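Here the structure comes first, spelled out in structure tokens, and everything after it is commentary.
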Amino acid sequence: MFERIALIGIGLINSSIARFVRQDGLAHEIIIYSRRQTTLDKAMALGLADRAETDPAAAVEGADLVILGAPVGANETLAKAIAPGLKPGAIVTDVGSVKSAVIRDVAPHLPEGVHLVPAHPVAGTEHSGPEAGFAELFQNHWCILTPPEGCDAAATEKVAEFWRRAGSTVDIMDAEHHDKVLAITSHLPQLIAYNIVGTVLDVEHVTKREVVKYAAGGFRDFTRIAASDPEMWRDVFLNNREAVLEMLGRFTEDLAVLQRAIRWGDDKALEELFTRTRAIRRDLIEAKQV
Ligand code: NAP
């Protein structure tokens, strides 16, 4: 599909991309850039790329597809750094968990004739780094593209086809809408996990040893989510502030209702909500999302 792919950042997501590109022969050459030499060394030792570069502009030289795969807060600096190396007609895409901020931070710095097609593979794990990736990560998951207005249709289709080759189903939507949807389906649950694990660690009369010893299903699941990369999630919240705050407002209101129901022994209110919430699980199973 491509002559040369440049992967800017080589963590969980971009290393998984490198693996399926290699496996399926989707590019002749893969060039990687990462912030730290140790990450580049690990990636090269894993055979993920043909060449590693410590200068972002050198990494994208001659590439027909460039994929930004660092935490979204790094995108503006990276866009400025790659701009001088981009060839006319190149497609720049990304894998960031927020989309409006990516367009805001990247688009102004790209030279004319370079196409920006933002993408979000809705797939991942709590692990980070080039060792954590695997070629099947994106199979049977959604990949959402948010091409900005006036985006080249052929470039969008090429990125869509790339993700279909990864085994994903592609959906196209407006960046702002994406950020609202993901605020409720991904960002808020992540925030709740960080908060609940933090609260448990702060409860003075329960020792850390007891938390580890008696961790029941619910808490255990939250610790998995809360073990995700701190830099990545810091940037998600700072770059999807409005949508997350809106959803958080609704969440805290609903939590107050539950608090009241428990205080006043309102068994009906509790049972009614717990019955309604069960239904969504069935919907997920039917949609093969679990
Ligand atoms: P990761 O495994 O932590 O790897 C991050 C990569 O970005 C590393 O190569 C790292 O370089 C580099 N990097 C970090 N901070 C940087 C900075 N300030 N400037 C330049 N490079 C920097 O991350 P990931 O999980 O692959 O996530 C990458 C992107 O995918 C994020 O934007 C995230 O929102 C998105 N995403 C993640 C998931 C998920 O589940 N993890 C799912 C969907 C989308 P060094 O190692 O050299 O420091």
Would you please name the residue that is farthest from Leu7 (Cα to Cα), looking only at residues in the range 66-91 that are more than 9 Å from the ligand (Cβ to nearest atom) and in a strand (DSSP E or B)? Ile91
Val106 - would you say it is within 16 Å of the ligand (Cβ to nearest atom), closer than 26 Å to Pro230 by Cα, in a strand (DSSP E or B) and of a type outside the set (Asp, Glu)? no
With respect to Gly62, is the statement that it is surrounded by fewer than 17 Cβ atoms within 10 Å (Cβ to Cβ), over 20 Å from the mean Cα position of the chain (by Cα) and under 21 Å from Trp163 (Cα atoms) true? no
One residue is enough: does the range 38-59 have a residue meeting the conditions more than 16 Å from the ligand (Cβ to nearest atom), within 26 Å of Lys80 (Cβ to Cβ) and either part of a loop (DSSP other than H, G, I, E, B) or in contact with a Pro (Cβ under 9 Å, 6 or more places away or on another chain) (or both)? yes
Taking Ala154 as meeting all but one of (1) more than 25 Å from Leu284 (Cβ to Cβ); (2) surrounded by 15 or more Cβ atoms within 10 Å (Cβ to Cβ), write down the number of the exception. (2)
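This table checks each residue for (1) among the β-branched types (Val, Ile, Thr); (2) over 20 Å from Trp233 (Cα atoms).
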site: Arg36; (1), (2): no, no
site: Asp41; (1), (2): no, yes
site: Ala52; (1), (2): no, yes
site: Asp55; (1), (2): no, yes
site: Val102; (1), (2): yes, no
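All of the numbers you see were taken from the coordinates with simple rules; none came from a lab. The shown structure was predicted, so the numbers you read here are calculated from the model rather than taken from an experiment. Cβ sites come from the backbone with ideal geometry, for glycine too, and all protein chains shown count toward neighbours.
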